[in-house]
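Data block below; observations after.
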Amino acid sequence: MGLQHITTSTIVSGKIRKTAAWDVLCDFESFSKVAPSVIDKVTVHDRTGKQGKSEWFVTIDGAPMTWIERDEFTPDRFSIGFESIYGDFDILKGAWWVRDHRGDGVRLCYKLSYEMGIPILDDTLGDILSEKIRTGMETVLGALGEKVSKCQAEERREERQTVNGLVPVKLGDVEFQGYLSNVSSGGLLVRYDKTTEVSSTDRIIRIGNTTIEPARVENDLVNRCVRVIFSDPMNSFMIDHLLTSVQYRGGNTLDAFVVEESPEIVGEYLR
């Protein structure tokens, strides 16, 4: 039957930050506690920066399977790509990733491509095995989703002011026309359109005429937005000064900055 493909996802509702969901997905060694009916054990042999290697022992409908995989972590896309380098599968590659869900919450996603490499097994057990693996991974994602649901964000301590206007932005060496969604004394969120390439994680950002050296800058490449967390609270006078650079326009200005939900392919292993 050749290469088999499985894609599944689960939605976790509530005030969930993608960074919290990402931390849960990256903690491979806890998977056996989260979903013990499927994941027997995961051993992380090596993890340095964005690269890693892990060994998996799983049980799919009573059948034990094992492999060692190379892992690639991409924090700015909230994705983890993997590909086996030894084990029961001739080919096994895929990815985990986190997406914002329309409204509150996040979507945990998983995609797998595999081939056993034994023609008689692929032909006789292909559809059956594929369905069992899908069921097993839906169980794992559901269990991970329950763990993520316990990571509810604290209630917002600062009142957020909706802005919805265009503003010039400079992040590192990149200058672009952004869409300032909201601002509070604690931070702001600005979107950029699909024609803009923003890869810098520089800690210095300029919004209009206001230069900010924040505590943290989160550049979300998937949803094309930059979240800025201020190191010190911004008072109302400073916020008013920042807003003097905003241009308010009617019509469908926001349309160019909205990312539609889609089953887009994430990471090199899903191409």
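The values are calculated or read from the model by the stated rules, or taken from the named source; none is laboratory data. Bear in mind the structure is a predicted one, so any value in this text is a computation, not a measurement. Reconstructed Cβ throughout: ideal geometry from the backbone, glycine too, with neighbour counts over all protein chains shown. What goes into the accessible areas is simple: the full protein's heavy atoms, side chains included, and nothing from ligands, DNA or RNA. Shrake-Rupley method; radii C 1.70, N 1.55, O 1.52, S 1.80 Å.
Going by the structure shown, is Ile120 modelled with pLDDT under 75 and open to solvent by 20 Å² or more (accessible area, probe 1.4 Å)?
yes
Considering only residues of segment 68-95 that are among the charged types (D, E, K, R) and surrounded by fewer than 16 Cβ atoms within 10 Å (Cβ to Cβ), which is farthest from Ala21 (Cα to Cα)?
Out of the qualifying residues, it is Asp90.
Restricting to segment 33-45, give me the number of residues that are open to solvent by less than 30 Å² (accessible area, probe 1.4 Å) and either part of a helix (DSSP H, G or I) or more than 14 Å from Met137 (Cα to Cα) (or both).
1
Testing Phe57 on (1) in contact (Cβ under 8 Å) with a residue 40 or more places away in the chain; (2) in contact with a helix residue (DSSP H, G or I) (Cβ under 9 Å, 6 or more places away or on another chain); (3) surrounded by fewer than 18 Cβ atoms within 10 Å (Cβ to Cβ); (4) not hydroxyl-bearing (Ser, Thr, Tyr), one condition comes back false. Which one is that?
Result: Phe57 passes all but (1).
In segment 177-194, which residues are in a strand (DSSP E or B) and open to solvent by less than 20 Å² (accessible area, probe 1.4 Å)?
Correct list: Gly178, Tyr179, Leu180, Ser181, Val183, Gly187, Leu188, Val190.
Hey, among the residues in segment 215-271 that are hydroxyl-bearing (Ser, Thr, Tyr) and at pLDDT 75 or above, which one's surrounded by the most Cβ atoms within 10 Å (Cβ to Cβ)?
The extreme case among them is Ser245.
Among the residues of segment 8-26, are any under 22 Å from the mean Cα position of the chain (by Cα), without any contact (Cβ under 8 Å) to a residue 12 or more places away in the chain and outside any helix (DSSP H, G or I)?
No, because not a single residue in segment 8-26 is under 22 Å from the mean Cα position of the chain (by Cα), without any contact (Cβ under 8 Å) to a residue 12 or more places away in the chain and outside any helix (DSSP H, G or I).
In the set Leu92, Leu108, Leu3, Leu25, which member is modelled with pLDDT under 90, hydrophobic (A, V, I, L, M, F, W, C) and in contact with a Phe, Trp or Tyr (Cβ under 9 Å, 6 or more places away or on another chain)?
Leu3
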